[in-house]
Every structure is written in structure tokens, then in C-alpha cells.
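The values are calculated or read from the model by the stated rules, or taken from the named source; none is laboratory data. None of these values were measured; they are calculated from a predicted model. When we count neighbours, we look across all protein chains shown, and the Cβ atoms used for this are built from the backbone with ideal geometry, even at glycine. We work out accessible area using only protein heavy atoms, side chains counted, and drop any ligands, DNA or RNA first. Shrake-Rupley method; radii C 1.70, N 1.55, O 1.52, S 1.80 Å.
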Amino acid sequence: MPPLGLGTWKLAKKESYAVIRDAIACGYRHFDCAPIYKNEAVIGEAISSAITAKEVRRQELWLTSKLWNNAHLPRHVRPALERTLKNLQTDYLDLFLIHWPVSFRQDIEHPKRAEHYLMPSEERLLETWSALEKLVRKGLIRKIGVCNYKRERLQRLLSSASIPPACLQVECHLWLQQRELLAYCLEHNITFTAYSPLGSGDSAESIRCLASRPASVASSTDNCRNLLAFPPLIRLAERCSCTPAQLLLAWGLSRNCTLIPKAASPLHCRENRAAMPLILPQEVIAELEGYDSNLRLISGEPFCRSLSPYTLEWLWGDEGW
Ligand SMILES: NC(=O)c1ccc[n+]([C@@H]2O[C@H](COP(=O)([O-])OP(=O)(O)OC[C@H]3O[C@@H](n4cnc5c(N)ncnc54)[C@H](OP(=O)(O)O)[C@@H]3O)[C@@H](O)[C@H]2O)c1
């Protein structure tokens, strides 16, 4: 998997075509997609036209997509994958991930009431995994993995899967460094993909749960709401003659994470790729490590509202939220 991919959450439909064509032109080969981002059809058009124009071959691309929470029942898995394949105009995915371990009724995209959820069930998640394994055997997916799994849930999956997960995709950045989970994945040959590596500054406050963060965390992040504006990060970036985003990405790559920053701006796209060769001094890395605050920005808290049977405790356990 190319270690730097392009995130596509929040790419508006009308901008997606130009962003993807430009990203391919400037060297991106890895795209992180999902049907719930509502832009896969436009991304598929952009990829297909770049292939037709001979700018890239399908075999050079790494396409990741995800199974949304309303398609966990085994009979719904293949139809969901087929919709994504059709939209992305491809006959296989490089990686297909379970998006969240939270299950909804098939007709519900965003639950608003308790009855829109299926009850939490580890067994159902294992059945979803078996359905994904069948699709690997049929050649429709090369690798399978999970997102937003705590270690205990990943361990359970590893011990029962016939095809082990190839990737864990979770939130990971300066304020949520995920040291134990990262070490566990590296030890078990699971690619660790860090989502929101720049702090997801463009996501809605209702999703980025900053309001509820404890006072101790707020003070350790200098009361800063946007990671890219965190004063110590700006100071260190100046010292390394790079931008704060580049510093975060170079640091993430040095930790053997795969990173999928989202960037709609062509300047940001190029700036982020230019971070790949940067080597950071050991004392800068040591200082960055000191800013871990166990601050989860995308906690899944919206799935735990309105009498939902899911809780933050069930999602993350002792990993904290
Ligand atoms: N599996 C999951 O549950 C899950 C959850 C969240 C995210 N993800 C994936 O991870 C991807 C990345 O996470 P994210 O979208 O939450 O946030 P992110 O990548 O941490 O941050 C995106 C923000 O950073 C800005 N940005 C990018 N490059 C920059 C640069 N060089 N300088 C300054 N600003 C820069 C972007 O601006 P512009 O867009 O204006 O350029 C955008 O506002 C998502 O798009 C999605 O593919 C997965």
C-alpha cells in the first residue's frame, strides 16, 4: 500500500473530479474512499478518465473503500461491494474495510432513533468478516481490514479469521498517538493507517468532539481547537523549514504509519507529497512524542446518542475517548 494516500471524506461532489485528476497528475496512487462520503461515482469517473488518457494504469492504483454500517448482515455485504465497484468503475478493490463496528438496519444510513440500530454483537461482526473473506476468494477484493476497532476487538478477529486483517484504519495524530495499538499492528503484520493525520480541521464540530474534552486535555493542547494551529507544532515546523502539515506527515511516516490526509486544495496536495522525503532530527521527534494527549476527535459519539444501544465504552473500552 503506498504509504501516503489521499483521503476523500468531505470532498464535495462538484470538486472531486478535478481534485482526483490533479492528484493522479501529481503522483498520488492511493485513494481512501467510502460510499458514505457520497462522492465515489465522481471519483470513479476521474479515475476512469485518467486511465483512458493513459496517465495511469489500474494496476498502479491502490483503491480502498469501506462497508457502511447498514450492510453488516452477510447477505448485504456483496451488494454493497458491488455498488462501490460500479461507482468506482473497477472490477476489484485493493482493500475493503469494515467502516465502524456499529451496525444499523439496512434501510438506515444515519440513525436517529434507537430502533434504527442493530444490537451490539461481536458475533455479527465476525459473520460480516466471513462474508468479506468469501469476496476475497472470488477475486473481488485483494485485501480486507477494519476501521475503528479497539485492540481487544482486533485480537478477537485475528484469533478467529481464516484471512487475517491486512489493515487497521484508526484516528491517529499528534494528540492521539496510539502507541500501543500501532506496536500491536506492526508486530502482527497489520498495516496501520492513520486517519485524520492533520487533525480533521474541516469536519463539523458535532463530529469532532472537542466540546466534551476534559479540562486536563484542553490545557495540554494549549486550548487550541485546530491541530495545525498548535503553537509548539508551528515552532517546530519553522525549525525544520517545513510547514506544520509536512511536519505531522513526515513524523507519521517515520513511525511506519500509512497516512491518508484529505486535501482538496492542489497546493495542499503537493505540499503533503513533498513531506515524504523529509527526515526529522531525533530531538524533534522526541518533542512531538511529548504532545500525546489521548485526544480522540472522531470518537463515534454521534452513534451513541438518542437511546442508541452503543456506548463509547463499548467502542473504545480502556483506550479512552
Ligand atoms: N475510517 C474512518 O472512520 C475515517 C474517519 C475519518 C477520516 N477517514 C479518512 O481519513 C481521511 C483524512 O482525515 P480527515 O479528512 O478527517 O482530516 P485530515 O486529513 O486530518 O485534515 C483535512 C484538512 O486538512 C487540510 N489540509 C490538508 N493538507 C494541508 C496542508 N498541507 N496545509 C494546511 N491544511 C491542509 C484540508 O484542507 P483542504 O481540503 O482545503 O485542502 C482539510 O481541511 C478522510 O478524508 C477519510 O478518507 C476515515
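List of remarks:
- Dividing the convex hull volume of the alpha carbon atoms of the chain by its residue count gives 126 Å³ per residue.
- The DSSP beta bridges internal to segment 1-119 are antiparallel in roughly 10% of cases.
- With all projection directions averaged, the alpha carbon convex hull of segment 258-301 covers 4.8 nm².
- Residue-span extension gain [S130 to K86] - 0.36 nm each, minus C-alpha spacing: 13.6 nm
- Here the average projected area of the convex hull drawn through the C-alpha atoms of segment 1-50 stands at 3.2 nm².
- Distance between the C-alpha centres of segment 42-61 and segment 68-88: 22 Å, rounded to the whole angstrom.
- Think of the chain as a dipole: +1 on every Lys or Arg Cβ, -1 on every Asp or Glu Cβ, centred on the Cα centre; then among Q246, L174, L125, L125 lies furthest on the positive end.
- Calculated FRET efficiency for the pair Q155/A41, C-beta based, R₀ 35 Å, to 0.05: 0.45
- Bridge type composition, segment 106-205 - antiparallel percent by DSSP, nearest 5: 10
- Eigenvalues of the alpha-carbon gyration tensor of segment 1-94, scaled by 5 and square-rooted, set the equivalent ellipsoid semi-axes at 22, 14, 12 angstrom, largest first.
- Heavy-atom accessible surface of segment 1-137: percent carbon and sulfur, 1.4 Å: 53
- Here, segment 225-269 has an Rg and a Dmax of 10.9, 27 Å when only alpha carbons are counted.
- For segment 258-308, with all protein chains in place and a probe radius of 1.4 Å, 58% of the accessible heavy-atom surface sits on carbon or sulfur.
- Anisotropy class of segment 139-189 from Cα gyration tensor, a/c 1.5 cut: prolate
- If only the Cβ of Lys and Arg carry +1 and only the Cβ of Asp and Glu carry -1, the dipole of segment 1-60 around its Cα centre is close to 80 debye.
- Furthest towards positive pole of dipole, A71, A183, S265, structure part the chain, Cβ charges: A71
- When the Cα convex hull of segment 73-150 is projected onto planes of every orientation, the mean area is 5.5 nm².
- Listed by chain and number, the aspartates and glutamates placed with their C-alpha closer than 16 angstrom to that of K14 are D22, E40, E45; residues fewer than eight positions away on the same chain are left out.
- For segment 215-321, the percent of C-alpha pairs falling in each 5 Å distance bin, counted from 0 to the bin holding the largest distance, reads 2, 10, 17, 19, 18, 15, 10, 6, 2, 1.
- Evaluated with a Cβ-only charge set (Lys, Arg +1; Asp, Glu -1), the chain carries a dipole of roughly 920 debye about its Cα centre, given to the nearest 20.
- Residues of the chain: accessible area per residue with a 1.4 Å probe, Å²: 43
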